[in-house]
Amino acid sequence: MARKRIVSGMRPTGKMHLGHLHGALNNWKSLQENYDCFYFIADWHALTSEYSNTSIIKESTYDIIIDWITIGLDPDLCTFFIQSHVMEHAELHLIFSMMTPLPWLERNPTYKEQLQELTQRDIYTYGFLGYPVLQAADILMYKANGVPVGEDQAPHVEMTREIARRFNHLYGEVFPAPDTLLAPTSKLLGLDRRKMSKSYNNAIFLSDAKEEVRQKVTRMITDPQRARRSDPGRPEVCNVFSFHEIYTSGEKVQQIDQDCRKAAIGCVECKNIMAENLNIALEPIREKRRELEANIDKVKDIMVRGDERARSIARETMEEVREVVKI
Ligand code: TRP
Ligand code: SF4
(Lines give C-alpha, C1' and ligand atoms only; values in the text may rest on other atoms or scores of the structure.)
(Ligands and ions follow the chains in the order given, each with its own letter.)
Protein backbone atom coordinates (compact mmCIF):
# COMPACT_ATOMS: atom_id res chain seq x y z
CA MET A 1 0.00 0.00 0.00
CA ALA A 2 1.20 3.50 -0.79
CA ARG A 3 2.45 5.45 2.20
CA LYS A 4 0.22 8.25 3.39
CA ARG A 5 1.45 11.66 2.49
CA ILE A 6 2.34 14.55 4.76
CA VAL A 7 3.33 18.11 3.98
CA SER A 8 4.92 20.76 6.16
CA GLY A 9 6.93 23.91 5.61
CA MET A 10 9.05 26.50 7.34
CA ARG A 11 9.51 30.16 6.62
CA PRO A 12 13.14 30.98 5.77
CA THR A 13 13.69 33.81 8.23
CA GLY A 14 16.85 32.51 9.93
CA LYS A 15 18.69 29.30 10.70
CA MET A 16 17.32 26.55 12.92
CA HIS A 17 17.68 26.56 16.70
CA LEU A 18 16.88 24.10 19.48
CA GLY A 19 13.33 25.43 19.63
CA HIS A 20 12.78 24.28 16.04
CA LEU A 21 14.48 20.95 16.76
CA HIS A 22 12.30 20.03 19.72
CA GLY A 23 9.18 21.87 18.57
CA ALA A 24 9.05 20.56 15.00
CA LEU A 25 12.01 18.85 13.39
CA ASN A 26 12.19 15.83 15.69
CA ASN A 27 8.52 15.27 14.94
CA TRP A 28 9.17 15.54 11.20
CA LYS A 29 11.99 13.06 11.58
CA SER A 30 9.89 10.53 13.49
CA LEU A 31 7.40 10.52 10.61
CA GLN A 32 9.80 10.05 7.72
CA GLU A 33 9.94 6.25 7.85
CA ASN A 34 6.21 5.78 7.70
CA TYR A 35 4.96 8.63 5.54
CA ASP A 36 5.75 10.05 2.15
CA CYS A 37 7.01 13.41 3.45
CA PHE A 38 7.14 16.72 1.61
CA TYR A 39 9.08 19.32 3.56
CA PHE A 40 9.54 22.70 1.98
CA ILE A 41 10.93 26.20 2.37
CA ALA A 42 7.97 28.59 2.45
CA ASP A 43 9.73 31.56 0.86
CA TRP A 44 6.54 33.21 -0.40
CA HIS A 45 5.15 32.99 3.12
CA ALA A 46 8.33 34.62 4.41
CA LEU A 47 7.71 37.46 2.00
CA THR A 48 4.49 38.36 3.81
CA SER A 49 6.55 39.79 6.68
CA GLU A 50 9.97 40.34 5.03
CA TYR A 51 8.94 42.00 1.78
CA SER A 52 10.76 45.23 2.56
CA ASN A 53 14.07 43.48 3.30
CA THR A 54 14.16 40.19 1.44
CA SER A 55 17.84 39.26 1.82
CA ILE A 56 17.24 36.99 4.81
CA ILE A 57 15.08 34.72 2.65
CA LYS A 58 17.80 33.58 0.26
CA GLU A 59 20.44 33.68 2.97
CA SER A 60 18.62 31.28 5.21
CA THR A 61 17.14 28.93 2.63
CA TYR A 62 20.26 26.79 2.29
CA ASP A 63 21.16 27.17 5.97
CA ILE A 64 17.83 25.61 6.81
CA ILE A 65 18.06 22.77 4.33
CA ILE A 66 21.51 21.94 5.68
CA ASP A 67 20.12 22.12 9.22
CA TRP A 68 17.36 19.69 8.25
CA ILE A 69 19.80 17.13 6.89
CA THR A 70 22.21 17.49 9.81
CA ILE A 71 19.54 16.54 12.34
CA GLY A 72 18.71 13.40 10.40
CA LEU A 73 16.00 14.25 7.92
CA ASP A 74 16.89 11.94 5.07
CA PRO A 75 16.64 13.29 1.51
CA ASP A 76 16.22 9.71 0.27
CA LEU A 77 13.07 9.35 2.36
CA CYS A 78 11.68 12.89 2.14
CA THR A 79 11.12 15.33 -0.67
CA PHE A 80 12.61 18.74 0.07
CA PHE A 81 11.64 21.65 -2.13
CA ILE A 82 11.36 25.41 -2.35
CA GLN A 83 7.84 26.80 -2.54
CA SER A 84 8.60 29.50 -5.14
CA HIS A 85 10.16 26.87 -7.41
CA VAL A 86 6.75 25.25 -7.82
CA MET A 87 4.76 28.05 -9.40
CA GLU A 88 1.59 25.97 -9.30
CA HIS A 89 1.24 26.95 -5.62
CA ALA A 90 0.56 30.52 -6.74
CA GLU A 91 -2.11 29.41 -9.20
CA LEU A 92 -3.89 27.22 -6.68
CA HIS A 93 -3.68 30.02 -4.13
CA LEU A 94 -5.38 32.33 -6.58
CA ILE A 95 -8.18 29.89 -7.33
CA PHE A 96 -8.76 29.24 -3.62
CA SER A 97 -8.78 32.99 -2.96
CA MET A 98 -11.83 33.32 -5.22
CA MET A 99 -13.91 31.01 -3.05
CA THR A 100 -12.60 31.68 0.45
CA PRO A 101 -15.04 33.89 2.37
CA LEU A 102 -13.34 36.97 3.77
CA PRO A 103 -14.73 36.46 7.31
CA TRP A 104 -12.82 33.16 7.57
CA LEU A 105 -9.60 35.11 7.13
CA GLU A 106 -10.56 38.03 9.33
CA ARG A 107 -11.47 35.63 12.14
CA ASN A 108 -8.16 33.77 11.94
CA PRO A 109 -6.60 33.97 15.45
CA THR A 110 -2.97 34.06 14.21
CA TYR A 111 -3.85 36.93 11.90
CA LYS A 112 -5.29 39.05 14.69
CA GLU A 113 -2.45 38.17 17.04
CA GLN A 114 0.34 38.91 14.56
CA LEU A 115 -1.19 42.22 13.51
CA GLN A 116 -0.92 43.33 17.12
CA GLU A 117 2.49 41.81 17.83
CA LEU A 118 4.51 42.63 14.74
CA THR A 119 4.02 46.37 15.06
CA GLN A 120 7.51 47.19 13.68
CA ARG A 121 6.47 45.70 10.34
CA ASP A 122 3.59 46.82 8.23
CA ILE A 123 1.78 43.56 7.63
CA TYR A 124 -1.63 45.10 7.07
CA THR A 125 -1.58 43.80 3.50
CA TYR A 126 -3.67 41.75 1.11
CA GLY A 127 -1.04 38.99 1.02
CA PHE A 128 -0.80 38.67 4.77
CA LEU A 129 -4.54 38.31 5.16
CA GLY A 130 -4.39 35.53 2.59
CA TYR A 131 -1.53 33.71 4.34
CA PRO A 132 -3.70 30.68 5.26
CA VAL A 133 -5.05 30.46 1.71
CA LEU A 134 -1.52 30.05 0.39
CA GLN A 135 -0.90 27.51 3.13
CA ALA A 136 -3.99 25.59 2.04
CA ALA A 137 -2.62 25.55 -1.50
CA ASP A 138 0.72 24.18 -0.21
CA ILE A 139 -1.00 21.36 1.59
CA LEU A 140 -3.80 20.43 -0.79
CA MET A 141 -1.52 20.55 -3.86
CA TYR A 142 -0.04 17.24 -2.66
CA LYS A 143 -3.40 15.89 -1.41
CA ALA A 144 -1.76 15.49 1.96
CA ASN A 145 -3.36 13.23 4.57
CA GLY A 146 -1.55 14.93 7.45
CA VAL A 147 0.26 18.12 8.37
CA PRO A 148 2.83 17.96 11.19
CA VAL A 149 2.83 21.37 12.89
CA GLY A 150 2.88 23.00 16.30
CA GLU A 151 -0.20 24.22 18.15
CA ASP A 152 0.09 27.74 16.67
CA GLN A 153 -0.52 26.41 13.15
CA ALA A 154 -3.54 24.26 14.00
CA PRO A 155 -6.05 26.99 12.99
CA HIS A 156 -4.41 27.16 9.56
CA VAL A 157 -4.77 23.43 9.02
CA GLU A 158 -8.39 23.72 10.14
CA MET A 159 -8.93 26.43 7.53
CA THR A 160 -7.25 24.18 4.95
CA ARG A 161 -9.88 21.54 5.70
CA GLU A 162 -12.64 24.13 5.29
CA ILE A 163 -11.23 25.29 1.97
CA ALA A 164 -10.97 21.66 0.80
CA ARG A 165 -14.59 21.03 1.77
CA ARG A 166 -15.77 24.16 0.03
CA PHE A 167 -13.85 23.36 -3.14
CA ASN A 168 -15.14 19.77 -3.19
CA HIS A 169 -18.68 20.98 -2.61
CA LEU A 170 -18.45 23.42 -5.53
CA TYR A 171 -16.57 21.31 -8.05
CA GLY A 172 -16.53 17.66 -6.92
CA GLU A 173 -14.28 15.53 -4.71
CA VAL A 174 -10.72 16.53 -5.49
CA PHE A 175 -9.03 17.15 -2.14
CA PRO A 176 -8.86 14.92 0.94
CA ALA A 177 -9.20 16.80 4.25
CA PRO A 178 -5.80 16.58 6.00
CA ASP A 179 -5.33 15.81 9.72
CA THR A 180 -3.22 17.95 12.02
CA LEU A 181 -0.32 15.89 13.34
CA LEU A 182 0.48 17.97 16.42
CA ALA A 183 4.09 17.89 17.57
CA PRO A 184 4.49 16.94 21.24
CA THR A 185 4.88 20.24 23.10
CA SER A 186 8.42 21.12 24.01
CA LYS A 187 9.30 22.57 27.39
CA LEU A 188 12.50 24.12 26.14
CA LEU A 189 12.55 27.89 26.44
CA GLY A 190 15.08 30.47 25.33
CA LEU A 191 17.99 31.69 27.47
CA ASP A 192 15.74 34.32 29.09
CA ARG A 193 12.81 31.90 29.66
CA ARG A 194 10.73 33.41 26.87
CA LYS A 195 9.87 31.31 23.84
CA MET A 196 13.07 30.56 21.92
CA SER A 197 13.27 32.89 18.95
CA LYS A 198 15.91 34.56 16.84
CA SER A 199 14.18 37.92 17.27
CA TYR A 200 14.42 37.69 21.07
CA ASN A 201 18.14 37.01 20.81
CA ASN A 202 17.73 34.08 23.21
CA ALA A 203 18.33 31.10 20.92
CA ILE A 204 20.92 28.34 20.77
CA PHE A 205 21.41 27.51 17.10
CA LEU A 206 22.17 24.04 15.77
CA SER A 207 25.20 25.57 14.09
CA ASP A 208 26.62 27.31 17.19
CA ALA A 209 30.21 26.39 17.99
CA LYS A 210 31.12 24.68 21.26
CA GLU A 211 32.33 27.83 22.92
CA GLU A 212 29.23 29.79 21.84
CA VAL A 213 27.04 27.13 23.40
CA ARG A 214 29.02 27.30 26.64
CA GLN A 215 28.70 31.06 26.81
CA LYS A 216 25.02 31.08 26.02
CA VAL A 217 24.34 28.49 28.70
CA THR A 218 26.16 30.72 31.19
CA ARG A 219 23.62 33.46 30.39
CA MET A 220 20.59 31.24 31.03
CA ILE A 221 18.13 32.31 33.67
CA THR A 222 17.59 29.58 36.28
CA ASP A 223 15.07 29.36 39.11
CA PRO A 224 14.46 33.08 39.72
CA GLN A 225 13.91 32.44 43.42
CA ARG A 226 17.34 30.93 43.83
CA ALA A 227 19.22 34.15 44.46
CA ARG A 228 22.11 32.79 46.54
CA ARG A 229 24.17 29.63 46.20
CA SER A 230 22.84 28.48 49.58
CA ASP A 231 19.16 28.81 48.52
CA PRO A 232 17.50 25.53 47.59
CA GLY A 233 16.30 25.48 43.96
CA ARG A 234 13.24 24.18 42.13
CA PRO A 235 14.22 22.16 39.08
CA GLU A 236 10.62 22.05 37.89
CA VAL A 237 10.67 25.77 37.13
CA CYS A 238 14.26 25.88 35.90
CA ASN A 239 14.89 25.96 32.18
CA VAL A 240 18.41 24.57 32.60
CA PHE A 241 16.79 21.54 34.14
CA SER A 242 14.49 21.10 31.12
CA PHE A 243 17.63 20.90 29.00
CA HIS A 244 19.13 18.33 31.40
CA GLU A 245 16.03 16.22 30.97
CA ILE A 246 16.81 15.99 27.28
CA TYR A 247 20.58 16.00 27.16
CA THR A 248 21.73 14.41 30.43
CA SER A 249 21.42 10.70 31.32
CA GLY A 250 18.48 9.75 33.54
CA GLU A 251 20.48 8.78 36.61
CA LYS A 252 22.45 11.99 36.61
CA VAL A 253 19.25 14.03 36.11
CA GLN A 254 17.83 12.53 39.30
CA GLN A 255 21.01 13.37 41.14
CA ILE A 256 20.87 16.98 39.94
CA ASP A 257 17.21 17.21 40.91
CA GLN A 258 18.01 16.11 44.48
CA ASP A 259 21.16 18.21 44.78
CA CYS A 260 19.43 21.32 43.48
CA ARG A 261 16.63 20.99 46.05
CA LYS A 262 19.21 20.69 48.85
CA ALA A 263 21.46 23.42 47.44
CA ALA A 264 24.17 20.77 47.17
CA ILE A 265 24.95 21.89 43.63
CA GLY A 266 25.37 25.45 42.40
CA CYS A 267 23.88 26.77 39.20
CA VAL A 268 27.30 27.44 37.68
CA GLU A 269 28.36 23.83 38.03
CA CYS A 270 24.94 22.61 36.97
CA LYS A 271 25.11 24.69 33.80
CA ASN A 272 28.61 23.47 33.00
CA ILE A 273 27.43 19.89 33.11
CA MET A 274 24.47 20.69 30.89
CA ALA A 275 26.56 22.62 28.37
CA GLU A 276 28.99 19.71 28.11
CA ASN A 277 26.18 17.25 27.43
CA LEU A 278 24.48 19.55 24.98
CA ASN A 279 27.78 19.96 23.14
CA ILE A 280 28.21 16.19 22.99
CA ALA A 281 24.77 15.93 21.37
CA LEU A 282 25.51 18.74 18.93
CA GLU A 283 28.88 17.37 17.84
CA PRO A 284 27.59 14.86 15.27
CA ILE A 285 25.34 17.60 13.88
CA ARG A 286 28.36 19.90 13.49
CA GLU A 287 30.31 17.08 11.90
CA LYS A 288 27.54 16.48 9.37
CA ARG A 289 27.38 20.23 8.65
CA ARG A 290 31.12 20.35 7.86
CA GLU A 291 30.65 17.44 5.48
CA LEU A 292 27.67 19.07 3.70
CA GLU A 293 29.30 22.48 3.45
CA ALA A 294 32.25 20.86 1.75
CA ASN A 295 29.85 19.22 -0.72
CA ILE A 296 27.39 21.99 -1.38
CA ASP A 297 26.75 20.69 -4.90
CA LYS A 298 25.31 17.56 -3.37
CA VAL A 299 22.84 19.66 -1.40
CA LYS A 300 21.92 21.58 -4.54
CA ASP A 301 21.29 18.27 -6.36
CA ILE A 302 18.99 17.19 -3.55
CA MET A 303 16.99 20.38 -4.04
CA VAL A 304 16.84 20.04 -7.81
CA ARG A 305 15.48 16.51 -7.42
CA GLY A 306 13.00 17.61 -4.76
CA ASP A 307 11.74 20.57 -6.76
CA GLU A 308 11.19 18.27 -9.73
CA ARG A 309 9.28 15.66 -7.80
CA ALA A 310 7.09 18.34 -6.20
CA ARG A 311 6.50 19.99 -9.56
CA SER A 312 5.41 16.80 -11.25
CA ILE A 313 2.74 16.19 -8.62
CA ALA A 314 1.70 19.85 -8.64
CA ARG A 315 1.28 19.76 -12.40
CA GLU A 316 -1.09 16.79 -12.16
CA THR A 317 -3.13 18.38 -9.41
CA MET A 318 -3.48 21.62 -11.35
CA GLU A 319 -4.64 19.81 -14.46
CA GLU A 320 -7.34 18.20 -12.41
CA VAL A 321 -8.24 21.52 -10.77
CA ARG A 322 -8.48 23.39 -14.07
CA GLU A 323 -10.63 20.64 -15.47
CA VAL A 324 -13.19 20.61 -12.66
CA VAL A 325 -13.26 24.41 -12.40
CA LYS A 326 -13.59 24.46 -16.20
CA ILE A 327 -10.99 27.09 -16.76
N1 TRP B 1 2.80 28.85 8.31
C2 TRP B 1 3.83 27.91 8.65
C3 TRP B 1 4.69 28.50 9.78
O4 TRP B 1 4.75 29.71 9.92
C5 TRP B 1 4.70 27.58 7.47
C6 TRP B 1 3.93 26.91 6.40
C7 TRP B 1 3.65 27.43 5.17
C8 TRP B 1 3.37 25.60 6.44
N9 TRP B 1 2.94 26.51 4.44
C10 TRP B 1 2.75 25.40 5.19
C11 TRP B 1 3.32 24.61 7.41
C12 TRP B 1 2.07 24.23 4.89
C13 TRP B 1 2.64 23.43 7.12
C14 TRP B 1 2.03 23.24 5.87
O15 TRP B 1 5.29 27.75 10.51
FE1 SF4 C 1 18.47 25.10 37.75
FE2 SF4 C 1 20.57 23.56 38.09
FE3 SF4 C 1 20.42 25.91 39.31
FE4 SF4 C 1 18.87 23.92 40.07
S5 SF4 C 1 21.09 23.97 40.18
S6 SF4 C 1 18.23 26.03 39.75
S7 SF4 C 1 18.45 22.91 38.13
S8 SF4 C 1 20.57 25.55 37.14
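The values are calculated or read from the model by the stated rules, or taken from the named source; none is laboratory data. Quantities reported herein were computed from a predicted structural model and do not represent experimental measurements. Cβ atoms come from the backbone with ideal geometry, glycine included; neighbour counts cover every protein chain shown. Heavy atoms of the whole protein, side chains included, go into the accessibility calculation; ligands, DNA and RNA do not. Shrake-Rupley method; radii C 1.70, N 1.55, O 1.52, S 1.80 Å.
Database remark: amide H of residue 190 closer than 5 angstrom to the amide H of 195, 196 (H placed geometrically; neighbours at sequence offset of 5 or more, or on other chains; Pro and chain starts carry no H). As I understand it, the dipole of the chain uses +1 on the Cβ of Lys and Arg and -1 on the Cβ of Asp and Glu, about the Cα centre. Which of 19, 89, 217 lies farthest toward its positive end? Of the candidates, 217 comes out farthest on the positive side.
How high is the FRET efficiency from residue 56 to residue 122, r the C-beta distance, R0 22 Å, rounded to 0.05? Numbers along the way, then the final one.
Working: r = 17 Å, r/R0 = 0.76.
Efficiency, from the Cβ-Cβ distance: 0.85.
Listed as lacking a disulfide-compatible partner in the chain: 238, 260, 267, 270, by the criterion of no other cysteine Cβ under 4.7 Å. Between residue 300 and residue 177, the contour length at 0.36 nm per residue exceeds the Cα-Cα span by 41.0 nm.
With the charge dipole of the chain set up from +1 on Lys and Arg Cβ and -1 on Asp and Glu Cβ about the Cα centre, the Cα lying farthest toward the positive end among the listed residues 248, 71, 57 is that of 248. Accessible area per residue for the stretch 69-228 is 50 Å², calculated with a 1.4 Å probe on protein heavy atoms, without ligands, DNA or RNA.
Can you compute the FRET efficiency between residue 272 and residue 225 using 1/(1 + (r/R0)^6), with r the Cβ-Cβ distance and R0 = 30 Å? Round to the nearest 0.05.
Working: r = 21 Å, r/R0 = 0.71.
The value I calculate is 0.90.
With +1 on the Cβ of every Lys and Arg and -1 on the Cβ of every Asp and Glu, and nothing else charged, how large is the dipole of the chain about its Cα centre, in debye rounded to the nearest 20? List each step's numbers first, then the result.
On the way: 43 positive and 47 negative charges, 148 e Å.
The dipole magnitude comes to about 720 debye.
Given a 10 angstrom Cα cut-off, can you work out which residue in 233, 146, 23 is the most mobile in a GNM of the chain? Result for the chain, Cα springs under 10 Å: 233 fluctuates most.
Calculate, in nm to one decimal, what residue 254 and residue 33 gain on full extension: separation in residues at 0.36 nm each, minus their alpha carbon distance. Before the final figure, lay out each step's value.
Numbers: separation 221, 0.36 × 221 = 79.56 nm, distance 3.30 nm.
Once the chain is fully extended between residue 254 and residue 33, it gains 76.3 nm.
The protection proxy used here, the mean number of other Cβ atoms lying within 10 Å of each residue, ranks peptides 39-51, 274-286 as follows, highest first: 39-51, 274-286.
Charging the Cβ of each Asp and Glu at -1 and of each Lys and Arg at +1, and nothing else, the dipole of the stretch 169-327 about its Cα centre rounds to 720 debye. Axis angle, to the nearest 10 degrees, between helix 88-99 and the longest C-alpha principal axis of the chain: 70 degrees. Farthest toward the positive end of the dipole of the stretch 204-327, out of 278, 295, 232, is the Cα of 232, where the dipole comes from beta carbon charges about the Cα centre.
Over the chain, what percent of the accessible surface lies on carbon and sulfur atoms, probe 1.4 Å? List each step's numbers first, then the result.
Values: 8360 of 16420 Å².
Roughly 51 percent, rounded to a whole number.
Non-local lysine pairs in the stretch 208-289, meaning eight or more places apart or on different chains, with alpha-carbon distances under 19 Å, amount to 6.
Computed from the Cβ-Cβ distance with R0 of 30 Å, the FRET efficiency linking residue 106 to residue 212 stands at 0.10. Highest GNM mean-square fluctuation, the chain, Cα pairs closer than 10 Å: which of 133, 268, 157? Among 133, 268, 157, the largest GNM mean-square fluctuation belongs to 268.
Placing +1 on each Lys and Arg Cβ and -1 on each Asp and Glu Cβ, with no other charges, gives the stretch 208-289 a dipole about its Cα centre of roughly 240 debye.
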